[in-house]
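Okay, so here's the structure we're looking at.
The values are calculated or read from the model by the stated rules, or taken from the named source; none is laboratory data. The structure presented is a predicted model; accordingly, all values stated were derived computationally and were not measured. Using ideal geometry, Cβ is built from the backbone for each residue, glycine included, and neighbour counts are taken over all protein chains shown.
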Amino acid sequence: MSLFALLGEIERREQVLRHVAGHCSGRVLDVATGSGYLARKIRGSVVCLDIDANAVARLGDVVVGDARRMPFQSESFDVVATWSALAHISEWRSVVSEMFRVARRLVITAEPRGKLALLAFRDFRCKHELSLEEVIAEFERFGRVEVDNFEFFTVVRGWKV
């Protein structure tokens, strides 16, 4: 499959997006919101966090801040979610730690799966390689983990213990 074909698989991306959004309830933080791809699908109260004030979607409450040092109290959100953000942030472990700090119960991420998907869905300025096995291991440090593999994405859910 070519890079262009992968980018064109809108229905498959929407399936994963609906899967992630379906786990989001209560007060939700969308980390590294960007254009709001995930935030638009979440029902309920959503706070959008992004480091770039110009790029962040205007959906619900918007907070400009660094995901590696979130400007929120511990356990401020029922669910903390992100869509393909860890693939964009070289210090992704700090982001995971912060996500678990500000979550009361669930942390969820959907990350590109496979080299072609990683190329298609990440910012080309980002030079780090993301290992999903390392992401899963990092989530396991904080709680119970479930993993769902889709064709181009892996969804990792972590419940605080």
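Only one of the numbered conditions (1) surrounded by fewer than 24 Cβ atoms within 10 Å (Cβ to Cβ); (2) in contact with a Leu (Cβ under 7 Å, 6 or more places away or on another chain); (3) at pLDDT 95 or above is not met by F77, and that is (1).
Return a yes/no flag: does segment 54-74 have any residue that is of a type outside the set (A, V, I, L, M), in contact with a strand residue (DSSP E or B) (Cβ under 8 Å, 6 or more places away or on another chain), without any contact (Cβ under 8 Å) to a residue 40 or more places away in the chain and surrounded by 20 or more Cβ atoms within 10 Å (Cβ to Cβ). Don't jump to the end; show me each part of the working.
To start, the set of residues in segment 54-74 that are of a type outside the set (A, V, I, L, M) comprises 54, 58, 60-61, 65-66, 68-69, 71-74.
Pick out the ones that are also in contact with a strand residue (DSSP E or B) (Cβ under 8 Å, 6 or more places away or on another chain) and you get 60-61, 65, 71-72.
Now restrict to residues that are without any contact (Cβ under 8 Å) to a residue 40 or more places away in the chain: 60-61, 65, 71.
Still in the running and surrounded by 20 or more Cβ atoms within 10 Å (Cβ to Cβ): none.
No, every residue in segment 54-74 fails to be of a type outside the set (A, V, I, L, M), in contact with a strand residue (DSSP E or B) (Cβ under 8 Å, 6 or more places away or on another chain), without any contact (Cβ under 8 Å) to a residue 40 or more places away in the chain and surrounded by 20 or more Cβ atoms within 10 Å (Cβ to Cβ).
Screening segment 7-44 for residues that are among the polar types (S, T, N, Q) and over 19 Å from E151 (Cα atoms) and picking the one that is modelled with the highest pLDDT gives S25. Restricting the first member to segment 133-161 and to residues that are within 16 Å of W92 (Cβ to Cβ), and the second to residues that are of a type in the set (S, T, Y) and surrounded by 16 or more Cβ atoms within 10 Å (Cβ to Cβ), the beta-carbon pairs closer than 7 Å and six or more apart or on different chains are V156/T109.
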